[in-house]
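Visitor: One structure follows; several queries about it will come next.
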Amino acid sequence: MKRIFISLAATCALFAFAACSNNANNQPAEQAANDAAKTATETSSVMVPGKLNFVNVKEGEQPVLRALALVGNRVGSSDFNKTETATEGIRCIFELNEWIEFYPETDADYGIKVWIIKHKDDQSYYLKNKIRDLTPGFVQLGELYNDPDAEEGSPWCSLYVNPEDAEPGLYDFVFTYQDEVFATMLIQFFKEGELDKLSDEELANKMAK
């Protein structure tokens, strides 16, 4: 009887040790997943309109798109619609049906795409899923191309969002290169005519909100 008791105690101890070992092995993976989800949520909640948010960039490497300028054709003076490139403070408010011109700072003459998608609170979506025209909330796609026959200073891409395809609100510019997302930017579309009479200062205040 004593031998049986000792054998059972040893078996229980072995199972307990195995359970503890499994929990210890799983804990780092679970913690990493939780940390990743928390980081994605925090990033989304503090997204600054008009700022390029770079992702998938290896340490020590430059993103394929280093800076950007966006110009509209409906509202604001030439000072407001400046073409100096930046990583933040980029024009990020437009009217629906307004042409948007893209002026990038990059060494890639082609291959960069910009996807306009209804804003997602969970920005990690863009890292977990392939971006395509069937992506929920997709409304428009543009391709940045340095046309050698174009006049100097010409935009690399021009596009607009039709009011029949989208409603006013927040949207994401999702930038991809070779089908991999490398940056996102929060922008806002307003209905036609809503920004027409605003001064540069009033437009700048709207961008900051």
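Visitor: Condition first: assigned to a strand (DSSP E or B), surrounded by 14 or more Cβ atoms within 10 Å (Cβ to Cβ) and of a type in the set (D, E, K, R). Now tell me which residues in the range 94-131 satisfy that. So that I can check it myself, show each step before the final result.
Guide: Of the residues in the range 94-131, the ones assigned to a strand (DSSP E or B) are 94-95, 100-106, 112-118.
Then drop every residue that is not surrounded by 14 or more Cβ atoms within 10 Å (Cβ to Cβ), which leaves 94-95, 100-104, 106, 112-118.
Within the range 94-131, Glu95, Glu101, Lys113, Lys118 meet the criteria.
Visitor: Let me ask something else. Considering each of Glu152, Glu167, Glu101, Glu105 in turn, give the residue that is charged (D, E, K, R), over 19 Å from the mean Cα position of the chain (by Cα) and under 27 Å from Lys206 (Cα atoms).
Guide: Glu167
Visitor: Looking at the range 191-207, which of the residues that are open to solvent by 80 Å² or more (accessible area, probe 1.4 Å) and without any contact (Cβ under 8 Å) to a residue 12 or more places away in the chain is nearest to Asn53 (Cα to Cα)?
Guide: If we take residues in the range 191-207 being open to solvent by 80 Å² or more (accessible area, probe 1.4 Å) and without any contact (Cβ under 8 Å) to a residue 12 or more places away in the chain, then Asn205 is nearest to Asn53 (Cα to Cα).
Visitor: Being open to solvent by 60 Å² or more (accessible area, probe 1.4 Å) and assigned to a strand (DSSP E or B) is the filter here; which residues of the range 159-190 pass it?
Guide: Hits for the range 159-190 are Leu170, Tyr177, Glu180.
Visitor: Return yes or no: is Glu84 in contact with a strand residue (DSSP E or B) (Cβ under 9 Å, 6 or more places away or on another chain), open to solvent by 80 Å² or more (accessible area, probe 1.4 Å) and more than 22 Å from Glu192 (Cα to Cα)?
Guide: So Glu84 passes the test.
Visitor: Separate question: Would you mind stating whether Ala150 is open to solvent by less than 90 Å² (accessible area, probe 1.4 Å), more than 15 Å from Cys92 (Cα to Cα) and modelled with pLDDT of 95 or more?
Guide: In short, no.
Visitor: Another question, if that's okay. Within the range 132-145, is even one residue open to solvent by less than 70 Å² (accessible area, probe 1.4 Å), β-branched (Val, Ile, Thr) and part of a strand (DSSP E or B)?
Guide: Quick first cut of the range 132-145, residues open to solvent by less than 70 Å² (accessible area, probe 1.4 Å) only: 135, 137-142, 144.
Now restrict to residues that are β-branched (Val, Ile, Thr): 135, 139.
Next cut, part of a strand (DSSP E or B) only: 139.
Yes, there is a match, as at least one residue in the range 132-145 is open to solvent by less than 70 Å² (accessible area, probe 1.4 Å), β-branched (Val, Ile, Thr) and part of a strand (DSSP E or B).
The values are calculated or read from the model by the stated rules, or taken from the named source; none is laboratory data. In this text, all values refer to a predicted model and were calculated from it rather than measured experimentally. Please note: Cβ atoms are built from the backbone with ideal geometry, for glycine as well, and neighbour counts cover all protein chains shown. Side chains included, ligands, DNA and RNA excluded: accessible areas come from the protein's heavy atoms. Shrake-Rupley method; radii C 1.70, N 1.55, O 1.52, S 1.80 Å.
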